[in-house]
Amino acid sequence: MKKLGYILFVGVIATICILPVAVMPWQTEKAVGNEQLASFPELRKEDGSFNTGILNEFSDYFADHFGLRHEMITLNDQLTGTVLKTLDSSSVLLGKDDWLFYKSTLADYTGAELFTARQSYAAAHVLGLMQEYCEENGIGFCFTIAPNKNSLYGGQMPARYTAASVRNAQLLQQQMEQQNVRYVDLFKTLSDHEEQLYYRRDSHWNMRAHSWQHRLC
């Protein structure tokens with residue numbers, strides 16, 4: 001029985017390894033979203049010389065076209081999200097209740113990379129010059145910042161991250177007030193709204209938030 005167990009275990013592992021290659025000839029892999037799938041490599045370059053990078057190019061091609069690719073990626077995300085409470089992604093962070101956030105917003109959320117006084121002053125000064133130019137040409141000017149998703153829904157962020165008491169948007173807003181730059185505070189407008197205004201698994205505003213944006217404009 002022990003030997004049979006070993007045989008079954010090896011058979012299952014071998015099947016998992018072979019299956020993606022075995023189904024490749026019958027599967028047409030399509031791009032998801034805006035990803036660009038690698039093309040099958042050519043043995044010769046356009047000038048007729050041997051393509052020395054053919055192995056690397058084939059590796060890229062296989063990574064984009066192996067059988068059941070989308071199904072395996074989905075299964076991997078489901079397993080890591082359910083068991084490990086994280087995502088196998090360099091750009092997306094899994095929050096509470098399956099909320100998704102961009103990792104690129106972490107530095108601002110935690111206050112790890114705040115503007116210096118000079119940087120916030122310079123940014124506001126440039127906006128002031130833009131406002132001055134617009135007014136000289138009879139054009140109305142008003143600046144706003146679209147809040148990061150975790151700026152409004154920090155309660156859905158993983159508990160291991162602590163929200164900063166001051167962030168770059170606030171530092172810039174203070175300078176804009178001092179330099180008389182016209183500004184609409186979307187942080188306050190959207191945070192005062194009881195309805196959910198961002199998609200749970202997307203970084204974009206939902207249709208309700210867009211309707212509020214049009215009212216402000």
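Nothing in this text is a laboratory measurement; each read-out follows from the coordinates by a stated rule. Computed from a prediction, not measured in an experiment: that's the story for all the values here. Positions of Cβ are generated from backbone atoms using ideal geometry, with glycine treated the same way; all protein chains shown enter the neighbour counts.
From the square roots a ≥ b ≥ c of the eigenvalues of the alpha-carbon gyration tensor of the range 142-213, which class results: rounded (a/c under 1.5), prolate (a/b over b/c), or oblate? Walk me through the intermediate numbers first.
Values: a/c = 2.64, a/b = 1.29, b/c = 2.05.
It comes out oblate by the Cα gyration axes.
Using a Förster radius of 25 Å, what is the FRET efficiency between His125 and Tyr102 based on their Cβ-Cβ separation? Nearest 0.05, please. Before the final figure, lay out the partial values.
Values: r = 28 Å, r/R0 = 1.14.
Efficiency, from the Cβ-Cβ distance: 0.30.
With a Förster radius of 30 Å, plug the Cβ-Cβ distance of Glu57 and Trp26 into 1/(1 + (r/R0)^6) and report the FRET value to the nearest 0.05.
The computed FRET efficiency comes out at 0.85.
With a ≥ b ≥ c taken as the square roots of the eigenvalues of the C-alpha gyration tensor of the range 97-157, please select rounded if a/c is under 1.5 and otherwise prolate if a/b is larger than b/c or oblate if it is not?
oblate
List every residue whose amide H lies under 5 Å from the amide H of Val92, counting only residues 5 or more places away in sequence or on a different chain, with H placed 1.01 Å from N in the peptide plane.
Placed amide hydrogens put Lys103 under 5 Å from Val92.
For the range 184-190, take each phi angle, set θ = phi - 60°, evaluate the Karplus expression 6.51 cos²θ - 1.76 cosθ + 1.60, and give the result in whole Hz per residue in order, putting x for glycine and proline.
Once rounded to whole Hz, the list reads 9, 8, 6, 4, 5, 4, 7.
Each label point is 7 Å from the Cα along the Cα-to-Cβ direction; what then is the distance between the points at Ser91 and Ala38, in nm?
A separation of 1.8 nm, rounded to one decimal place.
For the range 98-113, in order, what is each residue's ³J(HN,Hα) by Karplus, 6.51 cos²θ - 1.76 cosθ + 1.60 with θ = phi - 60°, in whole Hz (x at glycine and Pro)?
Along the range 98-113, the couplings run 6, 6, 10, 9, 6, 5, 5, 8, 5, 4, 6, 4, 8, x, 6, 9 Hz.
Would you kindly derive the ³J(HN,Hα) couplings of the range 13-19 from the backbone phi angles with the Karplus curve 6.51 cos²θ - 1.76 cosθ + 1.60 (θ = phi - 60°), listing them in order in whole Hz, with x for Gly and Pro?
4, 5, 5, 4, 6, 7, 3
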